Amino acid sequence: MQLKGDRRLEAFRRMLRIRRFEEEGRRLFNGGQIPGWFHTTVGQEGAIVGASLALRDDDAMTGTHRSHGHPIAKGAHLQALMAELMGKEGGVCKGRGGSMHFADSSVGIISESGIVGGGIPLATGCAFSAKVRGVDQVTLCFFGDGAVNQGTFHESLNMASLWRLPVIYLCENNGYAMTTSVATSHGQPDIALRAAGYGIPGEIVDGQDVSAVYQSAAYAVTRARAGQGPTLIVANTYRFDEHNIGLAVSGEPYRQVAEVEAHKRDRDPILLYRTVLLEEGVNEETLATIEHEVAQAVTQAVQFALASPMPRPETLPDYMFVSTIAR
Amino acid sequence: MQLKGDRRLEAFRRMLRIRRFEEEGRRLFNGGQIPGWFHTTVGQEGAIVGASLALRDDDAMTGTHRSHGHPIAKGAHLQALMAELMGKEGGVCKGRGGSMHFADSSVGIISESGIVGGGIPLATGCAFSAKVRGVDQVTLCFFGDGAVNQGTFHESLNMASLWRLPVIYLCENNGYAMTTSVATSHGQPDIALRAAGYGIPGEIVDGQDVSAVYQSAAYAVTRARAGQGPTLIVANTYRFDEHNIGLAVSGEPYRQVAEVEAHKRDRDPILLYRTVLLEEGVNEETLATIEHEVAQAVTQAVQFALASPMPRPETLPDYMFVSTIAR
Amino acid sequence: MDVKDDTHRDAATPGPHIQMTYFEAIVQAQLEEMHRDERVVLLGEDVSVHGGGKLIECFGKNRVWNMPISEGSFTGLGIGAAINGLRPIVDISTASFIYLACDQIVNQASKLRYMTGGQIDIPIVFRCCMFSTGSEAAQHADRPYPLFMNVPGLKIISPTSAADIKGLMKSAIRDGDPVLVFEDTRLWPLKGDVPTDPDHLIPIGKADVKREGEHVTVVAIAGAIRPTMEAANYLIEEGISVEVIDPRTLKPLDYEAIKMSIEKTGRLIIVENGHRICNVGSEIAAVMAEESFDLLKRPILRLSAPDIHVPFSPALEKDFFPTRDSIVGAIRQLL
Amino acid sequence: MDVKDDTHRDAATPGPHIQMTYFEAIVQAQLEEMHRDERVVLLGEDVSVHGGGKLIECFGKNRVWNMPISEGSFTGLGIGAAINGLRPIVDISTASFIYLACDQIVNQASKLRYMTGGQIDIPIVFRCCMFSTGSEAAQHADRPYPLFMNVPGLKIISPTSAADIKGLMKSAIRDGDPVLVFEDTRLWPLKGDVPTDPDHLIPIGKADVKREGEHVTVVAIAGAIRPTMEAANYLIEEGISVEVIDPRTLKPLDYEAIKMSIEKTGRLIIVENGHRICNVGSEIAAVMAEESFDLLKRPILRLSAPDIHVPFSPALEKDFFPTRDSIVGAIRQLL
Ligand SMILES: Cc1ncc(C[n+]2csc(CCOP(=O)(O)OP(=O)(O)O)c2C)c(N)n1
Ligand SMILES: Cc1ncc(C[n+]2csc(CCOP(=O)(O)OP(=O)(O)O)c2C)c(N)n1
Ligand SMILES: [Mg+2]
Ligand SMILES: [Mg+2]
């Protein structure tokens, strides 16, 4: 299963939408127009888009505090996301969630957990429901290398294996959890190896290669949909920005400037894929058109967000309860 | 490292002390003289004693709700344990703990956790302290096959591996967690295989063979003491009694009567070792003397326990706080 | 315990009734709701055995799932399933194990609907049982409901009669939001008349006056209803008439019912088996000291377990929780 | 905030002082205690970086340990280490992560000394910080201290000035039992005079009258001290004199100090940033409604965060917690 034809352009488009959305968001954040904390996925778009493209529209997803990329990769509109960043009424979560919690249910995202590791059981349960109800929906579960050390990772993978749940565990392994490297927090640094303990396949893929990730994920999705159970995919990737924008880390640097620069230069998933597409015969104009469209979409999203009103104070309690009774 | 000379007799004696203590306890429990819930280790003495004998007196231990065997295996006196079963003032925990919580610090037990999996981080921390303080103490951590599915197992093994902590994780794999078999709760039933995910050695040993367990544990203790880190040992054993005494399990049996009977007949660790000792030239009288001594010790323990007064009501708050300030 | 008053009340409700224990009523509520709605599934350790053998017989393995010992995640699995179309009942068994699931219940179940701006619903029930006076020792004897009272987004029930647990359990299962059910095991064997109507629902958030009286209002939480009713019966002979209120739902709590009673009696005692500090009694007392202050003739008294862990020894546990005598004493003190 | 009153009080204490922020005072307390007692170790995620770069410089890696993201177990690792001869400070960072560690803190740390009949001691400190008004959203903005109030065997501090956090943090580290430290991040930047005496200890369990007054007693919990002091300062011009009490320790709580104040004022308001139901304010109100009932001239008022999750949007979060104006309003209501 390879990315083919227009799907290749879609992969390029979605990566770019994430990148431009976050670049614009970062600018607005630095300018004080976005409150809270701001974690970008810049550098990690290949892993996110590659995996998400392997899903059907009715498949489900869960993500993390680094949440911007997931809905965009799954095909979300940008307006409500940008408005959410600003805490506006028109935000996808009505201003209740913010940057870390881009759960956009219109594209099947059931949660983006600000609690590291907290989304892993939810994804497992989402897949459990599909199995119990006998539908062929698959769930894709994103989490970081740091989250792997949470008990929920272990407990969830065990249950998914036991009941052969249709779930793909996708580790965005960017090498660090805040300032802590995999080498200084994992007794054994090959995360994919942990899968064997639960009797499920575990594999490593180059997260900067969107089509490689797609291939891996598409295979796992096929297995899951066929009732053959979960897969753990570790996509090795890299975070170009600081853990969150504006974070000042005192003391010795936990990663060398040269390391970061080398990744930005040689391992940018969007630049790499652009080159691939050109080599594959896609012409420059096609890509330029996409780039232009993406820029426009981001601009429109900002306009929408700025124009959206703030939630009115009296709406504070809204959305706490559904308060309906099952029929 | 083999059990040799008098240590062999000690192994026999300790297994027997556990067995007779619990048989007497079960009788008293059924007679209404022991309150609460009563879980016996009958059938599992080989695993418990084999591992405990590999420790030095100043080594530490943690255990589980099935707690009677651990202190006895580590060399505890029986009186205060029997009194604890009855909730007496003379109990090892002053009547605050009871059957599931036989933490006897006089033999280095820092806790017996009634919360499944709850003792694993404590053992890890106990070993962590030894490492930080630069002492060569080792910690032995007991837990069941069911506890393996707790997040604490995963999180603790990872930390122990990362920092090469002097701890031995000993899984008393009796095949069941209450009514749930390993096959119906573990995605992959070979528990020892999970160790590889953390980069630590994992091995399986016949838990009904006290000397095999000793050998395995002694090797792990040597490694731990030498700073080479943790080991996971899975001792395959069997629980002869119901999960707890008096538990009535409705519906289809979760294990066949024939399975239980076969284990009692062919796989009793005490009978098996008795035969080994005779074959190795220990004479019958020596064993009979031990049997007699053990019976006497248990009788004395019961006498002590019965004679011990109940805690006085006004002592209820005692032991909540140490309330001293460090100097 | 004398459940006479209660039985009378229920018998007064129209429609046919049947006698059963509190525990049987829970099992029946689950059975009926599982029959009614195929989205209802039961998850928990050893549930296929302990959850009443009947369940697996009726519904097979696709509706009744034995969980590995992974409380921290199987609660989350239930939450994920609830978001995605099921209506799980998650059985945490002993209440003291709920601490392992705190993160999923608080950070996910109670928050996600709000944090997503109402994009998702989480119709889920968490059940657990609270032991006492059986020498379970501290790690199996907690009553952790006060901890969850402080958490927005959760509903909490702890009814005390067979009819009430059945009706409230059914309401909980049909509710669209997370509901926690705390069952006092001392109530399990109690019998009562239970309506056979499969739509016998008791609304979440409505208290019940278990006994009417004039002189003092006693609010009894969960298992504390037993010694409270005993105390009320005992004092009737002395001409002291006690009004006993059972909130049944702890959150949202029916403050109005308590206020109405104080209007009559001017005296309030709250009896609870939970530890003393920041328990439901604290909250009720605080609300009444604010909103019914002028109606109160005397200080508000609270009886509860002390701020000490539950001991193993029967000698120490015997008088650990409020008893008939300690309640009688408190009532006398207020008159 | 005007911390004048407080600064005056501290300046009045004999011995040399130095100005520093609340946050610096915490770091200094840790540094000094680590110098003083080599059993004190610091555990937490990224602590070698975040815990103040100084720590790793001074003590090296054997005293400052970066934890994997495993809150459920590294808290337990700390407990095991405490039982076996160390005196760990476990940094849980954001308070909302403490739910992951509930089992170890409640079922192990708070219970084990009791359950072993005093055979072991657990000298451990759990630190965590509580965010607000910075759009952290519900999963990073909880104030979970009320949950732990109900748990026997824990001590809980939440001081509000630089001098107090230093003195109480040091007492916590030297204490032989588990102590939870809840730091309100809104207090971190506040400056105050802090005694340089390395044995500057403030006893756990003693409240401080942050400002004396005649007309009404306001008990302010943790970060609520800021708007409370503002309100008190504001009302002084109208001739309304407010007594402000900071319990500093939430458990065990210094009820005597509050009673003494009520004796004078007859009026009580409790201001708290925690959610409303079963919070510390509930407990204080309940105790006073029982034990100081006859001294109270007016109802007890409570201000707090509502029973709603903390929203992300600044527009919604702005007035989520009690403000100077809402406190002024409540005080006026009582007079
Ligand atoms: C339970 C919990 N612990 C700690 C944190 C603080 N925290 C936020 S992000 C992060 C690092 C996560 O690392 P990783 O899983 O690798 O994701 P990444 O940030 O690299 O995408 C930490 C420790 C948190 N949000 N939740
Ligand atoms: C956290 C927690 N969950 C559930 C229980 C109830 N429980 C007590 S023992 C047990 C089975 C434990 O199985 P295993 O670890 O194999 O130990 P065994 O009983 O076989 O010795 C269970 C589920 C508990 N005590 N603690
Ligand atoms: Mg990472
Ligand atoms: Mg077992």
Amide H contacts under 5 Å for residue D:319, restricted to residues at least 5 apart in sequence or on another chain and with H modeled in the peptide plane, are none
Looking at chain C, identify the longest residue range that excludes and avoids all GluC sites (Glu not before Pro) in DSSP loops having at most 14 other Cβ atoms within 10 Å. C:39-211
Dividing the convex hull volume of the Cα atoms of segment C:105-263 by its residue count, what figure in Å³ per residue is obtained? 131 Å³
Going from the fewest other Cβ atoms within 10 Å to the most, one would list B:65, A:101, A:263 as A:263, B:65, A:101
With N residues in segment B:98-141, what two-decimal value do you get for its Cα radius of gyration over 2.2 N^0.38 Å? 1.21
Structure-based [θ]222 nm, the protein assembly as shown - -39500 (n - 2.57) summed over DSSP H runs of at least 4, per residue, nearest 500: -11500 deg cm²/dmol
Kirkwood hydrodynamic radius (Cα pairs, Å) of segment B:241-289? 13.4 Å
Give me the Å³ per residue figure for the convex hull around the C-alpha atoms of chain B. 144 Å³
Volume of the Cα convex hull of segment D:186-291, divided per residue and given in Å³: 121 Å³
Alpha carbon centroid spacing (whole Å) that separates segment B:1-45 from segment B:177-236: 22 Å
A correct fewest-to-most ranking of A:42, A:116 by other Cβ atoms within 10 Å would be A:42, A:116
DSSP bridge pairs, segment A:154-289: antiparallel proportion in percent, nearest 5: 15 percent
Per the Debye formula with a single identical scatterer at each Cα and no solvent contribution, what log10 I(q)/I(0) holds for segment C:115-161 at q = 0.15, 0.22, 0.33 Å⁻¹? -0.58, -0.96, -1.27
Karplus-derived 3J(HN,Hα), 6.51/-1.76/1.60, for each residue of segment C:104-120, Hz, glycine and proline x: 5, 5, 7, 6, 10, 4, 6, 9, 5, 4, 5, 5, 9, x, x, 6, 10
Along the charge dipole of the protein assembly as shown, pointing to its positive end and built from +1/-1 on Cβ of Lys, Arg, Asp and Glu, which listed residue (D:207, A:283, D:116) has its Cα farthest out? A:283
Once each part is reduced to its C-alpha centroid, what is the distance from segment C:139-187 to segment D:180-228 in angstrom? 37 Å
Determine the shape class of chain D: with a ≥ b ≥ c the square roots of the Cα gyration tensor eigenvalues, call it rounded for a/c under 1.5, and otherwise prolate if a/b is greater than b/c, oblate otherwise. prolate
Of the DSSP H helices in chain D, the ones reaching 20 Å or more along their long axis in Cα terms and averaging at least -0.5 in Kyte-Doolittle hydropathy are D:22-36
Pop out the ³J(HN,Hα) list for segment C:180-196 in order, Karplus 6.51 cos²θ - 1.76 cosθ + 1.60 with θ = phi - 60°, rounded to Hz; leave Gly and Pro as x. 9, 10, 10, 9, 7, 5, 5, 8, 3, x, 5, 9, x, 7, 10, x, 7
tail above 13 Å in the computed P(r) of segment B:163-221, as % of all Cα-Cα pairs, reads 68 percent
When the scattering of segment B:182-327 is computed by the Debye formula from its Cα atoms alone, each counted once and equally, what is log10 I(q)/I(0) at q = 0.20 Å⁻¹? -1.20
Filter the GluC sites (Glu not before Pro) in segment A:210-283 to those in DSSP coil with at most 13 other Cβ atoms within 10 Å of their Cβ, and list the result. A:280
From fewest to most C-beta neighbours within 10 Å, the residues B:96, C:143, C:211 line up as C:211, C:143, B:96
Where only alpha carbons of segment C:77-174 are counted, the Rg and the Dmax (Å): 14.2, 46
Write down Rg/Rh for the protein assembly as shown, rounded to two decimals, with Rg from the C-alpha atoms and Rh from the Kirkwood relation over Cα pairs. 0.96
Rounded to whole Hz, the Karplus (6.51, -1.76, 1.60) HN-Hα couplings of segment A:291-305, x for glycine and proline: 4, 5, 4, 5, 4, 5, 4, 5, 4, 4, 4, 5, 4, 4, 5
Taking placed amide H atoms and a strict 5 Å upper bound, the residues 5 or more places from residue D:180 or on another chain that come that close are D:126, D:155, D:156, D:157
Normalised by the residues of segment C:134-196, what does the relative contact order come to in percent, with Cα pairs under 8 Å and at least six apart? 37 percent
Relative contact order for chain B, counting Cα pairs under 8 Å that sit 6 or more residues apart, in percent: 24 percent
Give the Cα extents of segment D:141-192 along the principal axes, in whole Å, largest first. 34, 29, 10
For segment A:197-259, treating each Cα as an identical point scatterer without solvent, what Debye log10 I(q)/I(0) comes out at q = 0.17, 0.19, 0.27, 0.30 1/Å? -0.73, -0.80, -1.14, -1.27
Taking 8 Å as the Cα distance limit and 6 or more residues as the minimum spacing, I'd like the relative contact order of segment C:210-252 as a percentage. 58 percent
Between C:261, C:132, C:70, find the one with the highest GNM mean-square fluctuation for chain C; connect C-alpha pairs within less than 10 Å. C:70
Segment D:88-124 to segment B:60-89: how many Å between their Cα centroids? 23 Å
Summed residue charge, Cβ within 11 Å of residue C:171's Cβ, Lys/Arg positive, Asp/Glu negative: +2
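Since every read-out is calculated from the coordinates, none of them should be taken as a lab result. If you're wondering where the values come from, they're calculated on a predicted model, not measured in any experiment. Every residue, glycine among them, receives a Cβ derived from its backbone with ideal geometry; neighbour counts consider all protein chains shown.
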